[in-house]
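The values are calculated or read from the model by the stated rules, or taken from the named source; none is laboratory data. Being a predicted model, the structure only gives us computed values, none of them experimental. Neighbour counts are summed over all protein chains in view; Cβ atoms, including those assigned to glycine, are modelled from backbone coordinates with ideal geometry. Keep in mind that these areas ignore ligands, DNA and RNA; they rest on the heavy atoms of the full protein, side chains included. Shrake-Rupley method; radii C 1.70, N 1.55, O 1.52, S 1.80 Å.
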Amino acid sequence: MQTRTRITLGLVVAILCLTIGVAAGWRYYNPAADQVGAEHLRLFREVVSIVRSSYVEEVDGKKLLEGAVNGMLASLDPHSSYLPPEPFTEMKTEISGSFGGLGIEISMRDGKLTVVAPIEDTPAWRAGIQSGDHIWKIDDTPTRGLTITQAVKQMRGEKGTQVSLSILRNGNGKPLVFPLVRDIIKTRSLKSRTLEPGYGYVRISQFQERTGDDFAAALAKLRSDNGGSLKGLVLDLRNNPGGLLDAAVAVAGRFVGERLDNGLIVYTEGREHFAKRSYSATIGEKEPRYPLVVLINGGSASASEIVAGALQDHGRAVIMGTTSFGKGSVQTVVPLKDGAGLKLTTARYYTPKGRSIQARGIEPDIVVERAGFKELSDKGGAGFLEKDLDNHLSGAESGEREKTPEQDVKKLPAAPATPEHEAGKDYQLLRALELLKGWDAMRKVATAKH
């Protein structure tokens, strides 16, 4: 029995050494670091030995190893994680834009499973689940102690099957129970329409493979529907959790990059050479320089923050709403031999003028709080932000780019509570349209002949 235990223990340690070696092998050999690593492995081996011999029940070696790896990655930041084969496959399925589930972006806040944002036109969105909601139970299973991967697995499932979420919402003493029916989540990239003659509206709910092409087509149709030109455009990135970086670059690139020297959209910096990259707009057709307002809130994260930050830095748009989520880190996914994956934070995003997005977000030029949205942060904004997550990565200024001065932030009061998705009652959207119309009026005054 002891021999078998030693063999299994040796296998666990060997696999852990191999896992650590994936990252450590990229670095040059350092004897001092190697000695420290050996001491850590001895500590791990000692703890595993005690657990296997003295724990109240027999422990599965693979489960013990995965727990150790998960703990190691969780100690780094909220976005680094080990993905076993099944969740790794699910992640790749989600990126493709079609999967069975509820349509919720989730994260951890103070050890609680918390909604970052519901995806538009999904069961969760239609039921009224909001950013900042604490998912207390999934069916009858408490979420306390569950990892994000485990929670996602319970919420995913075949179309037509049922699942119940018990939600704790700030200001409500009792849990809110949402009986939901899973659906195929085909996250439509964007919607567009004319608000008033001459004024267009595009909402991007997530950045997917075809978002760049779909965005260009939507803008062309809006121009066509309005006599060939627009007086102004509202780009709505509220509750957009992000998505593919290339798609975000394509969207921002429709408005910047008229010259070779003004096309930078975002750049990344990290320890390894592959983590230092710049992303610029491609040379080609650009939108006419009509007025542009970009709407953001606390559910706007990652790729949507890249777009807002680039347009703000280039002076191409007025950013309106509340402070964005602040996810300015880059995750590299490394496939492992057993079909699993390692998602590791490898870099930070920076706006063209060197502002770190991480744990700071994009500050709007004009603050307009969403009506009816329960404010949970000290400074206003939606629900909770990246800086509220457990063990979040700190922001860091780039030393290579110009820093922007403090924004001249203006603040408008909130209006009576109205659902955001009711277009005629969307207070932030109405304020954006008013700004565009005022912009046009002032232009006419400025160009009038006396």
Counted residues in the range 123-147 being surrounded by fewer than 20 Cβ atoms within 10 Å (Cβ to Cβ) and in contact with a helix residue (DSSP H, G or I) (Cβ under 9 Å, 6 or more places away or on another chain) come to 4
Does Glu58 fit the bill of being more than 27 Å from Gly328 (Cβ to Cβ) and of a type in the set (D, E, K, R)?
yes
Going by the structure shown, is Thr122 under 25 Å from Ala248 (Cα atoms), in contact (Cβ under 8 Å) with a residue 60 or more places away in the chain and touching a Gly at 6+ places or on another chain (Cβ under 8 Å)?
yes
Criterion (modelled with pLDDT of 65 or more and open to solvent by 50 Å² or more (accessible area, probe 1.4 Å)) met by exactly one of Glu386, Glu434, Glu397, Glu402
Glu434
Given the conditions (1) of a type in the set (Gly, Ala, Ser); (2) surrounded by 15 or more Cβ atoms within 10 Å (Cβ to Cβ); (3) modelled with pLDDT under 85, every one holds for Ala32 apart from (2)
Taking the range 234-258 as the search range and keeping residues that are open to solvent by 30 Å² or more (accessible area, probe 1.4 Å) and farther than 16 Å from Glu209 by Cβ, which one is modelled with the highest pLDDT?
Arg254
Restricting attention to the range 113-148, report how many residues are closer than 21 Å to Ile184 by Cβ, not in a strand (DSSP E or B) and not basic (Lys, Arg).
11
Checking Asp261 against (1) modelled with pLDDT of 95 or more; (2) open to solvent by 30 Å² or more (accessible area, probe 1.4 Å), which single condition isn't satisfied?
(1)
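Would you mind stating whether Ser166 is touching a residue at least 40 places away in the same chain (Cβ under 8 Å) and hydroxyl-bearing (Ser, Thr, Tyr)?
Judged against the criteria, Ser166 is not a match.
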Between a first residue in the range 181-210 that is under 23 Å from Gly128 (Cα atoms) and a second residue that is among the basic types (Lys, Arg) and surrounded by 19 or more Cβ atoms within 10 Å (Cβ to Cβ), which pairs have beta carbons less than 7 Å apart while being 6 or more apart in sequence or on different chains?
Leu190/Arg203; Lys191/Arg203
Scan of the range 319-356 for residues that are of a type outside the set (Gly, Ala, Ser), farther than 15 Å from Gly299 by Cβ and outside any strand (DSSP E or B), ordered by number:
Leu336, Lys337, Asp338, Thr351, Pro352, Lys353, Arg355
Is it fair to say Tyr267 is among the hydroxyl-bearing types (Ser, Thr, Tyr), under 22 Å from the mean Cα position of the chain (by Cα) and either open to solvent by less than 40 Å² (accessible area, probe 1.4 Å) or modelled with pLDDT under 95 (or both)?
yes
Looking only at the range 67-109, and only at residues there that are of a type in the set (Asp, Glu) and modelled with pLDDT under 85, the one that is farthest from the chain's Cα centre (by Cα)
Glu86
Within the range 291-316, can you find the residues that are open to solvent by 10 Å² or more (accessible area, probe 1.4 Å) and part of a loop (DSSP other than H, G, I, E, B)?
Pro291, Ser302, His314, Gly315, Arg316
